[in-house]
Structures are given as C-alpha cells and as structure tokens.
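**Q** Below is a structure I'd like to ask you about.
The values are calculated or read from the model by the stated rules, or taken from the named source; none is laboratory data. Please read all numbers here as calculations on a predicted model, not as lab measurements. Glycine also receives a Cβ, built like all others from the backbone with ideal geometry; neighbour counts cover every protein chain displayed.
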Amino acid sequence: MRRFIYLSLLAVVATTLFCACSDDDNYSPGEQNDPNTMAVFFPTNNRNVIVLSNQDEYKIDILVSRLKSDQAATVPVKVIKKDEVFVVPESVVFQPGQAESTITVTFPSAETASYSFILGIEGKEYVDQYSIVDGHSQYDCTIHIEKWEVAISQATFGFASLFEPEKVDILKQDGLNRYKIVNYLRSGLDFVFSIDENMNIVPEGGHKPNANNWYFSAGNTAAYPVPKAGSEGLTITNFYVYVSVSGTHSFVDFTNKKGSVYHNNTYNNGTAGWNRNNFTWQ
C-alpha cells in the first residue's frame with residue numbers, strides 16, 4: 001500500500017514538472033541588431049554638470065562617437081527633454097572614417113540660473129544595444145550660470161622683474177564673497193578666492209596640510225608662460241600662493257586700493273624662489 005502511494009506521488013510530481021515545462025515555454029530571443037548599425041553613443045567624458053559665468057559664451061560642445069565609421073553619415077539627435085533656452089541641432093554629421101564628432105548646443109537667451117536637457121540617439125541603424133561602449137545612447141546635462149561682475153576694474157599687476165605691468169579685471173560673484181581673476185598669469189587657470197576679515201586672500205583649491213600653501217597644479221605637470229620674461233623662454237613650471245594671517249602676504253586692501261599675491265615659483269631653468277605679484281587700481 002505504501003509502495004502504491006509513493007509511486008502515485010512520483011507520478012503527480014512528474015506530471016506537474018512536465019506541464020510546467022511544456023505549457024510555459026514562451027521564450028523568444030531578444031531583438032536583433034541591425035548588422036549595419038553604426039553603434040552611435042555619447043561618450044562618458046562629456047560632462048553632466050557644467051558651471052559657466054555670465055561672462056562666458058553661452059554654448060557647449062558635446063562629443064558623439066560611433067564604432068562603425070567607414071562611411072559618411074548624418075545621425076538624427078532626439079531632444080528627449082530640454083528647457084526652452086536651448087538650441088539643439090537636429091543631427092550630428094560624421095565624415096568617412098570619422099569615429100568622433102561634435103554638436104554645439106547654444107543658449108543665447110539664458111540668464112543666471114540652472115538649466116537642463118536630455119538628448120538621445122535612437123533607431124536600430126544607429127544604436128547597438130549589445131555592444132559594450134564607454135558611453136550611452138542618452139546624454140543629460142545641467143548647466144549652472146553664475147553671475148560675475150567687475151569688482152576691481154583694470155588693476156595693474158606687476159610681478160617683480162618677470163612681467164611688464166598688465167591690467168586685469170578682478171570679478172566678484174553676485175551675492176557671495178567670491179572673487180576671480182580670469183586666466184591668471186596667462187596660465188589658462190582662473191584664480192578663484194575669497195577675502196577674509198583680515199583682508200587675506202583665501203584661494204579655492206588644494207593646499208598642503210599646514211593650510212598656508214595653495215597649489216595651482218599637482219606637481220610640475222603644467223607650464224605657465226611668463227610674458228616679457230627677463231630671459232628668453234623662461235616659464236613657470238609650478239607655483240603656489242602663500243597665505244598667512246598677517247595680511248601682509250596675499251591680500252586685498254580696498255581702502256588703499258592695493259593688493260598682492262605672494263608666490264613660490266619653480267622655473268624651467270631649475271631655479272625657484274618667492275615672488276610678489278603686486279597690484280593697484282584707481
């Protein structure tokens with residue numbers, strides 16, 4: 001009797017498994033790629049957050065890449081979502097053999113605020129959903145526009161004997177204790193700083209543990225040209241700004257209309273030393 005019950009249970013289980021396998025066999029393969037797809041994508045080195053000044057040109061360039069680049073192509077760009085200020089091209093153009101191209105998005109009517117958009121590449125002839133690429137078929141971006149105004153107009157900077165004097169505007173961000181000298185020392189870097197209650201310049205950016213030395217670059221990795229240098233070809237390979245609480249090193253004195261940025265410079269001829277970039281204004 002027990003043997004009969006055991007065999008009956010086995011039969012029920014087997015029937016159930018058979019039904020489960022046969023009745024629910026609804027598998028279908030995934031959608032096939034177009035064999036001629038170009039595999040177009042937005043590479044990840046496009047920035048998703050961009051901060052601009054109201055002094056900047058209101059446009060950004062966006063990279064678009066493709067894996068199959070043998071033929072010329074015009075690929076539609078779909079606007080998935082955008083604020084009204086943006087003007088987006090309808091397509092991106094690739095020349096034969098060109099694996100990477102750019103589109104330019106403009107926003108000429110933008111004001112000091114934040115704006116965003118999402119763009120996409122669609123269609124089996126353009127997108128390969130199975131290839132592994134360093135990017136995505138969609139790209140989203142947020143742009144913050146800061147308002148900067150001239151706080152000190154045409155300050156005359158004189159950097160010891162290295163520079164001939166030159167006039168530079170010092171900008172201030174609207175509503176904040178935040179100042180900027182654009183393209184400081186023609187280095188390609190903006191010098192952004194605040195001014196404390198003792199008139200000291202407090203730069204933004206990395207600094208050494210003693211909090212007095214503020215570096216513009218990590219190591220001797222960049223060359224900063226010194227215009228009108230004393231010897232031909234002299235460049236600054238690395239520099240840092242010295243900050244102290246005394247107000248006599250790097251400071252801005254609005255009352256007496258003068259200031260200074262105190263440097264330690266390393267030069268391409270192997271020498272190094274302290275130099276003071278003094279400035280005055282009317």
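**Q** Answer yes or no as to whether LYS78 is touching a Phe, Trp or Tyr at 6+ places or on another chain (Cβ under 9 Å) and among the basic types (Lys, Arg). Please lay out each step first, then the result.
**A** On the way: touching a Phe, Trp or Tyr at 6+ places or on another chain (Cβ under 9 Å): no; among the basic types (Lys, Arg): yes.
Taking the combined requirement at face value, the residue does not satisfy it.
**Q** Now for a separate question. Look at ASP140 and say whether it is among the acidic types (Asp, Glu) and under 23 Å from the mean Cα position of the chain (by Cα).
**A** Details: among the acidic types (Asp, Glu): yes; under 23 Å from the mean Cα position of the chain (by Cα): yes.
For ASP140, the condition - among the acidic types (Asp, Glu) and under 23 Å from the mean Cα position of the chain (by Cα) - is met.
**Q** So, one more: Consider SER101 carefully, then state whether it is in the same structural domain as CYS141 (by TED's automatic domain parsing) and more than 30 Å from LYS147 (Cα to Cα).
**A** Numbers: in the same structural domain as CYS141 (by TED's automatic domain parsing): yes; more than 30 Å from LYS147 (Cα to Cα): yes.
The answer is yes for SER101.
**Q** Turning to a different aspect of this structure: Out of all the residues in the range 166-187, which are of a type outside the set (A, V, I, L, M, F, W, C) and closer than 19 Å to THR156 by Cα? Spell out the reasoning first.
**A** Just the residues of the range 166-187 that are of a type outside the set (A, V, I, L, M, F, W, C), to begin with: 166-167, 169, 172-175, 177-180, 183-184, 186-187.
GLU166, LYS167, ASP169, LYS172, TYR179, LYS180, ASN183, TYR184, ARG186, SER187, listed by residue number.
**Q** Identify, please: which residue in the range 253-277 is hydrophobic (A, V, I, L, M, F, W, C) and closer than 21 Å to ILE195 by Cα and is, among those, farthest from the chain's Cα centre (by Cα)?
**A** Taking the range 253-277 and keeping what is hydrophobic (A, V, I, L, M, F, W, C), we get 254, 261, 272, 274.
Still in the list and also closer than 21 Å to ILE195 by Cα: 254, 261.
Numbers: PHE254: 33, VAL261: 27 Å.
Restricting to residues being hydrophobic (A, V, I, L, M, F, W, C) and closer than 21 Å to ILE195 by Cα, the top hit is PHE254.
**Q** Sort through THR156, THR142 and tell me the only one that's assigned by TED's automatic domain parsing to the domain that holds SER53, within 30 Å of THR112 (Cα to Cα) and part of a strand (DSSP E or B).
**A** On the way: THR156 fails: assigned by TED's automatic domain parsing to the domain that holds SER53.
On inspection, the qualifying residue turns out to be THR142.
**Q** Filter the range 169-178 down to the residues that are surrounded by 19 or more Cβ atoms within 10 Å (Cβ to Cβ) and over 20 Å from the mean Cα position of the chain (by Cα), then identify the one that is nearest to ASN238 (Cα to Cα). Walk me through how you get there before you give the answer.
**A** To start, the set of residues in the range 169-178 that are surrounded by 19 or more Cβ atoms within 10 Å (Cβ to Cβ) comprises 170-171, 173.
Those still in the list that are over 20 Å from the mean Cα position of the chain (by Cα) too: 170-171.
Values: ILE170: 23, LEU171: 24 Å.
Among those that are surrounded by 19 or more Cβ atoms within 10 Å (Cβ to Cβ) and over 20 Å from the mean Cα position of the chain (by Cα), it is ILE170.
Matching residues to (1) within 11 Å of VAL64 (Cβ to Cβ); (2) in contact with a His (Cβ under 9 Å, 6 or more places away or on another chain):
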site	(1), (2)
LYS82	no, no
PRO89	yes, no
VAL92	yes, no
GLY97	no, no
GLU100	yes, no
VAL105	no, no
SER109	no, no
SER114	no, yes
ILE118	no, no
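**Q** Does the range 140-163 include one or more residues that are in contact with a Phe, Trp or Tyr (Cβ under 9 Å, 6 or more places away or on another chain) and farther than 30 Å from PHE193 by Cβ?
**A** Yes; the residues of the range 140-163 include at least one that is in contact with a Phe, Trp or Tyr (Cβ under 9 Å, 6 or more places away or on another chain) and farther than 30 Å from PHE193 by Cβ.
**Q** In addition: State whether one or more residues within the range 141-161 are exposed (fewer than 12 other Cβ atoms within 10 Å of the Cβ), out of contact with any helix residue (DSSP H, G or I) (no Cβ under 7 Å at 6 or more places or on another chain), farther than 30 Å from VAL40 by Cα and hydrophobic (A, V, I, L, M, F, W, C).
**A** Looking for residues that are exposed (fewer than 12 other Cβ atoms within 10 Å of the Cβ), out of contact with any helix residue (DSSP H, G or I) (no Cβ under 7 Å at 6 or more places or on another chain), farther than 30 Å from VAL40 by Cα and hydrophobic (A, V, I, L, M, F, W, C), one finds at least one in the range 141-161, hence yes.
**Q** Of all the strands (runs of 3 or more DSSP E) wholly in the range 226-282, which have at least 1 residues that are at pLDDT below 80 and at negative phi?
**A** On the way: elements: 235-242, 251-253, 258-267, 272-280.
The qualifying strands (runs of 3 or more DSSP E) are 235-242, 258-267.
**Q** Report yes if LEU185 is closer than 20 Å to THR235 by Cα, assigned by TED's automatic domain parsing to the domain that holds PHE251 and in a loop (DSSP other than H, G, I, E, B), otherwise no. Reasoning before the result, please.
**A** Values: closer than 20 Å to THR235 by Cα: yes; assigned by TED's automatic domain parsing to the domain that holds PHE251: yes; in a loop (DSSP other than H, G, I, E, B): no.
It is false that LEU185 is closer than 20 Å to THR235 by Cα, assigned by TED's automatic domain parsing to the domain that holds PHE251 and in a loop (DSSP other than H, G, I, E, B).
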